[in-house]
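Just below is one structure, and these are the notes that go with it.
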């Protein structure tokens with residue numbers, strides 16, 4: 001439900017990693033606010049909709065829609081942001097799950113504290129370590145290194 005505000009956008013726009021100041025991109029940045037408004041109409045989603053509204057905020061304040069600094073971003077929104085990035089980074093191809101997890105965590109850690117909440121990234125690393133241990137992967141300890 002967190003991406004319900006993206007309905008109606010082209011697949012090309014939805015696949016972009018970085019947004020510009022192009023009017024189409026600026027309109028796209030409204031998707032979190034649109035989702036927030038839509039979810040406000042459904043009683044069951046009224047509590048969590050603040051997380052949806054702020055899912056594109058970045059700890060360094062460069063996110064949208066409100067350019068919030070880290071301390072003002074709800075942890076639920078930070079979790080959605082990290083979960084979505086992790087999903088994108090691990091869903092590109094099939095197979096070699098452990099290698100994808102390491103690559104994803106490396107990329108997420110590079111933006112930890114700036115693009116994503118460091119607490120959430122560290123928690124994800126602990127979860128990934130347990131998963132890689134279950135897969136029998138030798139590089140599992142890499143996942144747990146805190147940033």
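List of remarks:
- Output for the range 66-80, where each listed residue is under 14 Å from residue 48 (Cα atoms) and not in a loop (DSSP other than H, G, I, E, B): 75, 76, 77, 78, 79, 80
- Of the residues making up the range 49-61, those that are assigned to a loop (DSSP other than H, G, I, E, B) and without any contact (Cβ under 8 Å) to a residue 40 or more places away in the chain are 54, 56, 57, 61.
- Any hit, the range 110-120, residues being touching a helix residue (DSSP H, G or I) at 6+ places or on another chain (Cβ under 6 Å), assigned to a helix (DSSP H, G or I) and modelled with pLDDT under 90: no
- Pair list, Cβ < 7 Å and 6+ apart or interchain, from the range 107-118 residues that are under 12 Å from residue 86 (Cβ atoms) to residues that are modelled with pLDDT of 90 or more and part of a loop (DSSP other than H, G, I, E, B): 116/59
The values are calculated or read from the model by the stated rules, or taken from the named source; none is laboratory data. If you're wondering where the values come from, they're calculated on a predicted model, not measured in any experiment. Positions of Cβ are generated from backbone atoms using ideal geometry, with glycine treated the same way; all protein chains shown enter the neighbour counts.
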